[in-house]
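**Q** This structure is in structure tokens; I'll ask about it shortly.
The values are calculated or read from the model by the stated rules, or taken from the named source; none is laboratory data. As the structure is a computational prediction, the values presented were derived from the model and not from experiment. All Cβ positions, glycine included, derive from the backbone under ideal geometry; neighbour counts span all protein chains shown. Ligands, DNA and RNA are stripped out before the accessible areas are found, and what is left, the full protein with its side chains, is counted by its heavy atoms. Shrake-Rupley method; radii C 1.70, N 1.55, O 1.52, S 1.80 Å.
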Amino acid sequence: MNPAARVLELLAQRAQTLAVAESLTGGLVAAELTSVPGASRSFRGSVTAYATALKRDLLGVDGTLLAERGAVDPDVALQMAAGVRDRLGADWGIATTGVAGPEPQDGQPVGTVYVAVCGPAGGPAGTGKVGALRLNGDRAEIRKESVRSVLDLLAAELPDNARAQDTEQNGGT
């Protein structure tokens, strides 16, 4: 099963929803998700915030953080994921930010990518998780691998969340 179909199935089993914030992937994560039949059961929507100002204005990323570190930063990725989750009213938010090339950006070399997931507020993944990637290849390969990586990061968080809910529902251990 491809990564998009896998996360959508896991989300549907939990009756949970997903929102996506993208920068370097430019809508490829949303396209991958919406290529799966029935995606609308769990996929709420996406924001492609390519410009740094849009990360601040649409997704709520801290302007001082952006000014000091630039858009290619793990904390920026996490704030993007939390921001899109909150603004689109989803249970989960995922985000991509990085440098696909051909030139370095914000002092970061080509292939530097951060992917993030932020789960339900107050839940086990509510604080989120960030993956730091150092990818090789051309622009298309870096973008494709970023899509796979952010979906894999989300998939890794979903089973843990389900076990925690089962434990709570069954009264403990």
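**Q** May I ask you to list the residues in region 30-51 that are polar (S, T, N, Q) and either open to solvent by 60 Å² or more (accessible area, probe 1.4 Å) or at pLDDT below 95 (or both)?
**A** Thr34, Ser35, Ser40, Thr48
**Q** Just to be sure I understand, how many residues within region 4-29 are part of a helix (DSSP H, G or I) and open to solvent by less than 40 Å² (accessible area, probe 1.4 Å)?
**A** 8
**Q** For residues that are closer than 13 Å to Thr112 by Cα and over 16 Å from the mean Cα position of the chain (by Cα), tally how many sit in region 125-154.
**A** Counting residues in region 125-154 that are closer than 13 Å to Thr112 by Cα and over 16 Å from the mean Cα position of the chain (by Cα) gives 7.
**Q** Quick one: which residue in Ser46, Ser23, Ser40 is closer than 16 Å to Val150 by Cβ and free of Cβ contacts under 8 Å to residues at least 60 places away in the same chain?
**A** So the residue among Ser46, Ser23, Ser40 that is closer than 16 Å to Val150 by Cβ and free of Cβ contacts under 8 Å to residues at least 60 places away in the same chain is Ser46.
**Q** Which ranges mark the helices (runs of 4 or more DSSP H) fully within region 52-133 that have 1 or more residues being surrounded by fewer than 24 Cβ atoms within 10 Å (Cβ to Cβ) and in contact with a Lys or Arg (Cβ under 6 Å, 6 or more places away or on another chain)?
**A** Per the criteria, 63-69.
**Q** Taking the conditions exactly as written (free of Cβ contacts under 8 Å to residues at least 60 places away in the same chain, farther than 22 Å from Leu10 by Cβ and hydroxyl-bearing (Ser, Thr, Tyr)), does Thr34 satisfy them or not?
**A** no
**Q** Looking at the structure I just gave you, is Thr17 of a type in the set (Ser, Thr, Tyr), farther than 30 Å from Val110 by Cα and touching a strand residue (DSSP E or B) at 6+ places or on another chain (Cβ under 8 Å)?
**A** So Thr17 passes the test.
**Q** Take region 30-88 and flag every residue that is within 14 Å of the chain's Cα centre (by Cα), under 22 Å from Gln108 (Cα atoms) and basic (Lys, Arg).
**A** If the condition is that a residue be within 14 Å of the chain's Cα centre (by Cα), under 22 Å from Gln108 (Cα atoms) and basic (Lys, Arg), then Lys55 is the only one that fits.
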